[in-house]
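Here is the structure we will look at, set down as structure tokens.
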Amino acid sequence: MKKTVSVLHNMNLIDMSAIDGEKIKKNKIVVLENGRIQSILDADKLDGLKQRGHATLDLGGNYLMPGLIDAHVHCMNPFTSLHDVAKFSNLIPTQKQIEKNLHSCIRAGVTTVRDLGSTPIIARFMGMIERGRIIGPRIVPSFSIISCPGGYPDMISSFSWLHRVILKGQLAERIIGREQAVNAVHSMLNKGAAWIKTVYQEQSYMFGHPKLNVLADDSYAAIVRTAHERKTKAALHCLSNVGYRKAIAWQFDTIEHIPLEDFSTEDVNMIAKSKTTIIPTLIAPVLYREDMLQTLECIITSTDFRLIPMAQKNVIEIIEQIKAGKQSDTLIDYHLLRQTFNAMTNNVRRLHEDGANIGFGTDAGGTDICLFGIPWLEMVLMAEAGMGSYEILETATRKNAEILDLEQDLGSIEQGKIADMVLVEGNPLEDLRNVGKVMKVWKAGRLLHETKPG
């Protein structure tokens, strides 16, 4: 196999392995070979590398950081109504929207995602990415969510048998009892899932707030135990203090989202002392705030790469309904999210101050207005919750790599690791919004995205 060597120079290298050392390293060269980082050298070695005929790329003094890792997304959200998705005439447009979701990750510097709720057909898209047919991130899948009849996600009905055949299963496999719970875990893992995802939500956050069913406690315990016996981790969607307490007792590896109510001091201490990692996804509720709707609408109308026309029309209509104060059983209760957002932010602040394990996730695709490609906004919200800029970048890179058991290959720009990297304009440690000013994105040493000047 012929060696392919590239030399990147003239950049500010953000070192995510610098626990107590220099966070930004100047006058460094990053040498790539066959998709990995061969070495990191001082700038005075550049002439010698040029003389050996290696291709060089001047990065213009901009900021190079590791590829971002988003630990909570839903790649298969078509951003259209379920009624439209159910039409066979929309299967191709739906596929195009999924491809846009994946490409938007790369454009935003997100080179790895953990997908926490897609049907097993997502494996097909993973194969397309691997073969270079479409552009997208590395996907760590959980496949179908394990839930129960009458449980969350209540906004999604079961698919018909024909759609199940096409999509290789349900978005949510609804089971009853411990035995079916164990079988569901084995089924997902046998299909190739890398994580297991289940849910504990007692009340809907759709308008009307109907009560939701949850699995029996022994079923949750069996899900975690079975996953761990098969050397796999388990995630729990949860929005309540009661659910958090149970999740810690059941030893879930990650808890997704933040309760809509204040933690007690005892809860914060319990979570901080546990080995469980919390993925807050603050962006999901904040997008329903009045001030954010305008920002979101601007993002949608000023770019054409995130949404196909059908999806763009649908998302704009939802935004207009919210701005007009409309309420319906098909809309998330945005009043509730606005009222509880300060409590959620304060919960993250208290967890952080008490030393809890916190990961990074955007819940992209988790709601019909939570778009792909805006990780910088989640970072800004985490900063508002008291986390420092370097710490947030570290969470979205090195720490998330550890959560996903990928730290040997990803999460930092170090010798021997896979060359997932992002070049941004402006120092993100001074302003996290600079994370959104993406200039170039490499995945496994391949330049997948480059912002054209002007």
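The numbers here are math on the coordinates, done by the rules we state, and not lab data. In this text the structure is predicted, and so the values were computed from the model without any measurement. Methodologically, a virtual Cβ is constructed for each residue, glycine included, from the backbone with ideal geometry; neighbour enumeration extends over all protein chains shown.
Below 15 Å, Cα to Cα, which aspartates and glutamates can LYS275 reach? Residues fewer than 8 away in the same chain don't count.
Here the aspartates and glutamates satisfying the reach criterion relative to LYS275 are ASP253, GLU256, ASP267, ASP354, GLU402, ASP405.
Could you give the alpha-carbon Rg of the stretch 40-135 over 2.2 N^0.38 Å, rounded to two decimals?
Expressed relative to 2.2 N^0.38 Å, the Cα Rg reads 1.56.
For MET11, what residues show an amide H to amide H distance below 5 Å, using hydrogens built from the backbone and excluding near sequence neighbours?
For MET11, the qualifying residues are ASN27, LYS28, GLY61.
If I model a spin label as a point 7 Å beyond the Cα along the Cα-Cβ vector, how far apart are those points for ALA249 and ARG225 in nm?
Rounded to a tenth, the inter-label distance reads 1.5 nm.
Per DSSP H run of at least 4 residues, take -39500 (n - 2.57); add these up for the chain, divide by its residues and hand me the 222 nm value, nearest 500 deg cm²/dmol.
When only DSSP H runs of four or more count, the value is -10500 deg cm²/dmol.
Can you list the lysines whose alpha carbon sits under 18 Å from that of LYS323, skipping same-chain ones fewer than 8 residues off?
LYS313
Determine the dipole magnitude for the chain: charges of +1 sit on the beta-carbon of Lys and Arg, -1 on that of Asp and Glu, nothing else is charged, the reference point is the Cα centre, and the result goes in debye to the nearest 20.
Computed about the Cα centre, the dipole is about 1640 debye.
For the stretch 307-454, just say rounded, prolate or oblate: build the C-alpha gyration tensor, square-root its eigenvalues into a ≥ b ≥ c, call rounded for a/c under 1.5, and beyond that prolate if a/b exceeds b/c, oblate if not. Write out the running numbers ahead of the final one.
Working: a/c = 2.13, a/b = 1.35, b/c = 1.58.
It is oblate, given that a/c is not under 1.5 and a/b is not larger than b/c.
As I understand it, the dipole of the stretch 301-406 uses +1 on the Cβ of Lys and Arg and -1 on the Cβ of Asp and Glu, about the Cα centre. Which of CYS370, ILE316, ILE403 lies farthest toward its positive end?
Farthest along the dipole direction, towards plus: ILE316.
Run the numbers for HIS209 and GLU425: contour at 0.36 nm per residue of separation, minus the present Cα-Cα distance, in nm.
73.4 nm
Among MET379, PHE143, GLN327, which residue has its Cα furthest toward the positive end of the charge dipole of the chain, with +1 on Lys/Arg Cβ and -1 on Asp/Glu Cβ?
Going by the Cα projections, it comes out as PHE143.
Rounded to the nearest 20 debye, what is the charge dipole size of the stretch 401-448 about its Cα centre when +1 sits on each Lys and Arg Cβ and -1 on each Asp and Glu Cβ?
360
Give me the number: length gained by fully extending MET128 to LEU331, i.e. 0.36 nm times residue separation minus the C-alpha to C-alpha distance, one decimal in nm.
Result: 69.7 nm gained on full extension.
Taking the Cα-to-Cβ direction at SER81 and at ILE40 and moving 7 Å from each Cα, how far apart do the two end points lie in nm?
5.2
Could you run the Karplus curve 6.51 cos²θ - 1.76 cosθ + 1.60 with θ = phi - 60° over the stretch 174-185 and give me ³J(HN,Hα) per residue in whole Hz, x for Gly and Pro?
Each residue of the stretch 174-185 in turn: 9, 10, 10, x, 5, 5, 5, 5, 4, 4, 5, 4 Hz.
What FRET efficiency would be calculated for the residue pair ALA343, LYS313, taking the C-beta separation as r and a Förster radius of 25 Å, to the nearest 0.05?
0.15
At what distance in nm do the modelled label points of VAL5 and THR451 sit from each other, each positioned 7 Å from its Cα along Cα→Cβ?
Between VAL5 and THR451, the label points sit 3.2 nm apart.
Could you give the length gained on full extension between LYS273 and ALA383, defined as 0.36 nm per residue of separation minus the Cα-Cα distance, in nm?
Gain in length upon complete extension: 37.3 nm.
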